[in-house]
Amino acid sequence: MGKIIAITAGKGGSGKTTLTALLGAALAAQGKKVCLVDGCVGMRGLDMALHVQDKVVYDLYDLCEELCSMEQALLRQDQPALHMIAAPQLEVTEEMQGAKLQKCLERLKKRFDYVLLDTPGVSAPFTMALCSQADEIILVTIPGNAAARNAERAAAILREATDAPLWLLYNCYTGSGKQKSAPDAEAAYLDIPLLGVIPLHESMFFTAVLEDKTPENYPEKMRSAALEAAKRLNGENIPMKNYGARRFPWHS
């Protein structure tokens, strides 16, 4: 039996979709069978991150409604162990919730070691339906006071809605002195274990990565950081770098 992990955030633009693809590729590189599920209904993008957009015929809605077989819904990337299911482009979240969604995810859980759910973000109602099925939840955040405040609120919402353990994944870290907080400081304040810190790379601004790169071609520092995070998900004891915890100006 595999494990379902929801990846969410409190703020848009945190890089959830990119990180879902990156973590999935890192887990597959370790020999794990991985399925990425795009839960961003009506706004799908995970298929573009994996460069399989031209292969989409069936999606998560079709699988939940049993309009196709699992084999028809699964899209395969270059890595043999990495698969994905696309999100429907129509807003059909009400039909996909409840027993149908649970049955669909349970089927995937039996087939794959890891099922990573790329959610629309905590503010979207469908996110809670996905997170309620998760064994663990990864909360993504980025530098900045607004992102930190949103992460705090998102953590509170998730703790009220589910008992699933939380991880914090810090994205777009530059190590610059201009950043007034550090990843380990934020994780300590939120009381959430720090899963990993993904460095910002000059070629990764906004969605440029989706246009010309698949996860195996991302910058080496990003892939290395994602691999460490994937190992921690697997239960390996990978030491975390000390980023020099600092005070939080927004709580002064």
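Quick notes
- Beta bridges by DSSP in segment 1-128, antiparallel share as percent, to the nearest 5: 10 percent
- Cut-off 9 Å between beta-carbons: net charge of the residues surrounding Thr20, Lys and Arg +1, Asp and Glu -1: -1
- Modelled spin labels at Ser224 and Val57, positioned 7 Å past Cα toward Cβ, are 4.2 nm from each other.
- Heavy-atom accessible surface of segment 1-146: percent carbon and sulfur, 1.4 Å: 48 percent
- Applied to segment 72-77, the Karplus parametrisation 6.51 cos²θ - 1.76 cosθ + 1.60 on θ = phi - 60° returns per-residue 3J(HN,Hα) values of 6, 7, 6, 9, 9, 8 Hz, with x for Gly and Pro.
- Coupling constants for segment 124-137 follow from the phi torsions by the Karplus curve (6.51 cos²θ - 1.76 cosθ + 1.60, θ = phi - 60°), and in residue order they are 7, x, 5, 4, 5, 5, 6, 5, 5, 9, 7, 7, 9, 10 Hz; glycine and proline get x.
- Applying both filters, DSSP loop and at most 12 other Cβ atoms within 10 Å, to the GluC sites (Glu not before Pro) of segment 7-99 gives Glu66, Glu91.
- Taking Cβ atoms as reference points and 12 Å as the exclusive limit, the residues near Lys241 contribute a net charge of -2, counting Lys and Arg as +1 and Asp and Glu as -1.
- Of all DSSP bridge pairs formed entirely within the chain, close to 5 percent run antiparallel.
- Normalised per residue, the accessible area of the chain is 46 Å², obtained with a 1.4 Å probe and no contribution from ligands, DNA or RNA.
The values are calculated or read from the model by the stated rules, or taken from the named source; none is laboratory data. A quick note: this is a predicted structure, and the numbers were derived from the prediction, not measured. Here Cβ is always computed from backbone atoms with ideal geometry, including for glycine, and neighbour counts include all displayed protein chains. All accessible areas refer to the heavy atoms of the entire protein, side chains included, with ligands and DNA or RNA removed. Shrake-Rupley method; radii C 1.70, N 1.55, O 1.52, S 1.80 Å.
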